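**Student:** One structure follows; several queries about it will come next.
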Amino acid sequence: MKAIRLTLALLLAATLAAALEVSVEYLSARSDGRSITIEWKPTVERDVQRYDIERSSDNRTWTLVASLDPKGSGTVYRYVDSDVLGKGSGNDPGTAAKVYYYRLRIVGSDNSFTYTSSTAVTHNLSTVRRTWGMIKEMFK
């Protein structure tokens, strides 16, 4: 009986030692009118398998945009989302404005995961650029 308890205690300790531990200092998103750059910096990054970048237009339904491998604590990560098309309505008839939300799904080596809070960005896109993007999208 003592051997079983010791085995269970060792298994629990090994499981806890391999648990996902991550702390993100900041997550930001900014638009330059062509694409959106997502940037974040983890202060602690232990047992992270990957970072999944997710996008939403309503802060409820999320789509995977990209996955990045971890590079170590203190690294500033950047991802440029150039597949985003503004389809909102702005004040200028020649410009479409759309709010997008981004968050990280941080996946551990044991496939456990956690989410960051979301961050919002307004993406302004000229109607010419938007129309051209839609034409290119039809031929993908």
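Any read-out appearing in this document is the output of simple, stated calculations on the displayed coordinates, not a laboratory observation. Quick caveat: nothing in here was measured; it's all calculated off a predicted structure. Positions of Cβ are backbone-derived with ideal geometry, glycine not excepted, and every protein chain shown enters the neighbour counts.
**Student:** Compute the FRET efficiency between Asp58 and Glu21 as 1/(1 + (r/R0)^6), taking r as their Cβ-Cβ distance and R0 = 35 Å, and round to the nearest 0.05.
**Tutor:** 0.70
**Student:** Could you give me the ³J(HN,Hα) list for the range 26-41, computed from phi with Karplus coefficients 6.51, -1.76, 1.60 and θ = phi - 60°, whole Hz, x at Gly and Pro?
**Tutor:** 7, 9, 9, 9, 9, 9, 10, x, 10, 8, 10, 9, 9, 9, 8, 9
**Student:** Using a 7 Å offset from the Cα along the Cα-to-Cβ direction at both Arg105 and Thr122, what is the distance between the two label points in nm, to one decimal?
**Tutor:** Once both label points are built, they end up 3.0 nm from each other.
**Student:** For the range 45-55, in order, what is each residue's ³J(HN,Hα) by Karplus, 6.51 cos²θ - 1.76 cosθ + 1.60 with θ = phi - 60°, in whole Hz (x at glycine and Pro)?
**Tutor:** Each residue's phi maps through the Karplus curve to give 8, 10, 6, 8, 8, 6, 10, 9, 8, 10, 10 Hz.
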